[in-house]
Amino acid sequence: MSLAPIGLFAAASHGGSVLALGAGSVSFAQIVKACEPVFAALVALAIPPIEVKPALAYMMLLVIVGGVGLACVKEGKGVEINMYAFGWASFANLAAALKGKLGKDVTHSLKADKSKNMDAANVYAVMNVLSAAWTLIVVVFTEATTFQGTWDHTVKDAAAACKKDPKGAKCYTPNDIIFNVVASGVFFYLYNEFAFAFTAKVGPVTSSVLNTLKRVIIIVVTAIVFGEVMDKNAMIGSGVAIAGTMFYSLAEMQGNKKAKAH
């Protein structure tokens, strides 16, 4: 049961990310998600054992915050923030930081106990099962009474859209909804499983660089697929924030190498 709280934070992190994507544009949610190292650094200073990052890593946090701030400034309109998307993305960042901080020691202790056969892959699998259980509990308590009505409303809207335009993007059947929900969960799990295996093969530095590239690809692809328009400040700000995230990770890893050397 030592992984139960970690599963809760994992569920909160993923749930917050999904709600952020639903509340605003995908690109804006990804830009705010780039602030996750800021939350991780603050949590590391607030919860024992205290972890102090290298000075360069803290400098990169300012770069990240500056990039996100610039992305929120619309040309000719000033600061413009979707507070719902920003709030949920920040909630997801905090939950992810807590999951990482509290899960580190638990994971190490479980992996050290050979009798439990809890290697990193098994720990990850159990954490995801617990995360799904926590999510189900929250859904039952918050949406059980409205689920049927929401489902009926969604199916009715889809049927109306199909009558209007059978080939339109809003035309789908109940089976399409179920398939997309299941496929989304499967692909999310596979993505994390492959990312874990990839990191084990190539090392954390290469993984960090490619993880940064992943955010760029997501922002560019979603802008094309969903027709999201990004102005100059948003593009520059997202680039600065994402680059800051990458250099923060590299600075942190370099600091950890020096600490082990001493």
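The values are calculated or read from the model by the stated rules, or taken from the named source; none is laboratory data. Source: prediction; values computed, not measured. Cβ: placed from backbone, ideal geometry, glycine included. Neighbour counts: every protein chain shown. Side chains included, ligands, DNA and RNA excluded: accessible areas come from the protein's heavy atoms. Shrake-Rupley method; radii C 1.70, N 1.55, O 1.52, S 1.80 Å.
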Which of the aspartates and glutamates could be linked to Lys170 by a straight reach, that is with a Cα gap under 14 Å, when you skip same-chain ones fewer than 8 residues away?
Asp157
Options (1) 76, 59, 42; (2) 62, 43, 36; (3) 70, 55, 32 for Cα extents along the principal axes in Å; the value derived from the coordinates is listed as (3)
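Strictly over 30 Å apart at the Cα level, which of Lys74/Lys167; Lys101/Lys214; Lys99/Lys260 would you flag in this model? Please report the intermediate quantities before stating the final value.
Details: Lys74/Lys167 35 Å; Lys101/Lys214 23 Å; Lys99/Lys260 24 Å.
Violating the 30 Å Cα-Cα cut-off are Lys74/Lys167.
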How far apart, in nanometres, would the label points at Ile218 and Asp231 be if each is projected 7 angstrom from Cα along the Cα-to-Cβ direction?
2.4
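Could you please report the charge total around Ala158, scoring K, R as +1 and D, E as -1 over all other residues with beta-carbon less than 15 angstrom from its beta-carbon? Intermediate values should be presented prior to the final figure.
Numbers: positive: Lys156, Lys163, Lys164, Lys167, Lys170; negative: Asp152, Asp157, Asp165, Asp176.
Within the 15 Å Cβ shell, the charges total +1.
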Between 0 and 90°, nearest 10: helix 83-112 axis offset from the chain longest Cα axis
50
Using 7 Å Cα-to-Cβ label points, what is the Ala159/Val186 separation (nm, one decimal)?
2.8
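Computing the accessible area with a 1.4 Å probe over protein heavy atoms, can you report the carbon and sulfur percentage for the chain? Kindly include the intermediate steps, with their values, before the conclusion.
Details: 11180 of 15900 Å².
Within the chain, the accessible surface is 70 percent carbon and sulfur.
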Per residue, how much accessible surface does the chain expose to a 1.4 Å probe? Answer in Å², no decimals.
61
Gain on full stretching of the segment that runs from Ala259 to Ala55 - 0.36 nm per residue minus C-alpha separation:
72.1 nm
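Quickly estimate the mean residue ellipticity at 222 nm for the chain, helices only: each DSSP H run with n ≥ 4 gives -39500 (n - 2.57), and the total goes over all residues, rounded to 500. Walk me through the numbers on the way to the answer.
Details: 10 runs with 209 residues, N = 262.
Using -39500 (n - 2.57) per qualifying helix, the result is -27500 deg cm²/dmol.
List, in the order given, every pair from Lys232/Lys257; Lys33/Lys104; Lys114/Lys257 whose Cα-Cα distance in the structure shown is over 30 Å.
Lys232/Lys257
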